Amino acid sequence: MVPKRWQKEKRKTTKRWDDDIRQVAGKTWSRVARERSEWSRLEEVFANWQTDLQKHQPSPAPSPTPSYDQQIIQKEYASEEAYWTRRIENLKRAHDKAIAGMQTEYQKTLNEANELYSRAQDEKISGRMPPCEDEKAKVIHCYSVNPGRSLMCATVVNEFRDCVCRNRLATVSTMS
């Protein structure tokens with residue numbers, strides 16, 4: 001069994017400990033309460049400081065509204081559309097001009113070809129003999145009479161050549 005004195009001592013000690021704990025706890029709780037009030041005061045000061053700071057700052061430039069952005073995009077689209085429309089129209093005109101030029105050239109060439117063809121047909125129909133037939137016959141006869149001696153036929157060949165040149169010049173001058 002525990003002696004009474006020790007029990008008394010234990011009660012005193014326990015009481016002191018309890019008092020100490022209450023005292024420390026009281027100090028702690030009072031300190032916590034003080035710190036809480038300090039924090040709330042600091043938060044209030046900080047909030048006031050932020051509102052003052054916001055009041056003194058210039059307001060930012062207003063951001064463009066979506067309709068403003070859409071208007072800019074529509075203007076850019078319209079200008080691009082107009083540019084490409086003009087460009088296509090210019091290309092069409094240039095294309096039409098080139099086609100018209102080619103058609104006139106084609107028509108001229110076709111007319112010339114038809115005219116030349118009709119002349120050739122007229123000449124065939126008229127029954128004209130090819131030019132220089134007599135000279136041609138003389139050249140052939142000379143070569144057949146003088147085989148291996150072609151220089152003997154030089155004068156006959158020159159006469160045939162002169163005949164061909166004369167007829168060629170006459171034909172060209174009548175066509176012009």
Boolean, residue 110 is under 30 Å from residue 174 (Cα atoms), surrounded by 10 or more Cβ atoms within 10 Å (Cβ to Cβ) and not assigned by TED's automatic domain parsing to the domain that holds residue 174: yes
Residue pairs meeting the criteria (Cβ under 6 Å; at least 6 apart or on separate chains; first at pLDDT 80 or above and outside any loop (DSSP other than H, G, I, E, B), in the stretch 117-143; second of a type outside the set (Val, Ile, Thr) and surrounded by 11 or more Cβ atoms within 10 Å (Cβ to Cβ)): 135/159; 135/160; 135/163; 139/160; 142/153; 143/153
Some residue of the stretch 45-52 being surrounded by 10 or more Cβ atoms within 10 Å (Cβ to Cβ), at pLDDT 90 or above and of a type in the set (A, V, I, L, M): no
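The values are calculated or read from the model by the stated rules, or taken from the named source; none is laboratory data. None of the values given here were measured: they were computed from a predicted structure. Cβ sites come from the backbone with ideal geometry, for glycine too, and all protein chains shown count toward neighbours.
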